[in-house]
Amino acid sequence: MNIFRFAGDLSHVFAIIILLLKIWKTRSCAGISGKSQILFAVVYLTRYLDLFTTYVSLYNSVMKVLFLATSGATVYLMYVKFKATYDHNHDSFRIEFLLVPCALLALVINHEFTVMEVLWTFSIYLESVAILPQLFLVSRTGEAESITSHYLFALGSYRALYLLNWVYRYMVESHYDLIAIFAGVVQTVLYCDFFYLYITKVLKGKKLQLPA
Amino acid sequence: SDIDLDKDEL
């Protein structure tokens, strides 16, 4: 565990808490893509199956349970408790266009052709693109509330910090995982446009509004 | 091996 990895994890937890608090306090999930939240739940479910087979550390297990529980809670709040506020019409990204290619790619490019490893690989590929329905929703409505922007910034920063973690681990431990690195680069690149808008607009107190 | 299938990252 190095500082980049730990900062990345904190950023990830922070993003999830921001999102849950936003939904809970405003009693509304307007502007949030339920499709992205479902994809994240699928990501955690398929990646953290090793919770039952491999013990890494208390930190590792606690975080896995936390991600599973909070993503389940988010999906519950969006699709059950605050269903009436869910922006159904704008959240029209077809998730099968992400699920199917990620599944096929995981079957072809993986470290080991076992159920656990293919599911892990699938979750890595899917996570890299899981934010697309959310970005699509923002582009369709043309704007995002500040709190949603903070959520996206924290969520995007997490994988960017993991990239630094991987550079550090390569240099210090000679450890690298090409699948994770490749997917992590894709994931971070998808946020670049948003990062630019966040820094130039939201941090200056303006609302995130896309040019018409 | 450089590929460590033990998943210590999240």
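All of the numbers you see were taken from the coordinates with simple rules; none came from a lab. In this text, all values refer to a predicted model and were calculated from it rather than measured experimentally. For neighbour counting, all protein chains shown are included, and Cβ atoms are generated from backbone atoms with ideal geometry for every residue, glycine included.
A few comments on the model shown:
- Checking the Cα-Cα distances for A:Lys64/A:Lys206; A:Lys83/A:Lys204; A:Lys22/A:Lys201; A:Lys64/A:Lys204; A:Lys25/A:Lys64; A:Lys81/A:Lys204 against a 31 Å cut-off, the pairs over it are A:Lys64/A:Lys206; A:Lys83/A:Lys204; A:Lys64/A:Lys204; A:Lys81/A:Lys204.
- Sparse-neighbour loop sites [trypsin sites (Lys or Arg not before Pro); region A:158-212; at most 15 other C-beta within 10 Å; DSSP]: A:Lys206, A:Lys207
- Karplus-derived HN-Hα couplings along region A:201-212 (A = 6.51, B = -1.76, C = 1.60, θ = phi - 60°), whole Hz, x at Gly and Pro: 10, 4, 5, 9, x, 8, 6, 6, 10, 7, x, 5
- Gyration tensor (Cα) of region A:51-176, equivalent ellipsoid semi-axes in angstrom: 29, 19, 18
- 20 °C / 1.002 mPa s Stokes-Einstein diffusion coefficient of region A:90-153, Kirkwood radius on C-alpha pairs, µm²/s: 162
- For A:Asp87, the residues whose modelled amide H falls within less than 5 Å of its own, excluding neighbours fewer than 5 places apart on the same chain, are A:Gly31, A:Ile32.
- Between helix A:132-141 and chain A there is an angle of about 10 degrees, using the helix long axis and the longest principal axis of the Cα atoms.
- For the protein assembly as shown, dividing the convex hull volume of the Cα atoms by the residue count gives 127 Å³ per residue.
- Enclosing the Cα atoms of region A:102-188 in their convex hull gives a volume equal to 98 cubic angstrom per residue.
- Full-extension gain in nm, A:Val100 to A:Tyr76, via 0.36 nm per residue minus C-alpha separation: 6.2 nm
- The angle between the Cα long axis of helix A:115-129 and the main principal axis of chain A comes to about 30°, on a 0 to 90 degree scale.
- Crossing angle, helix A:96-108 versus chain A [Cα axis fit, 0-90 degrees, rounded to tens]: 10
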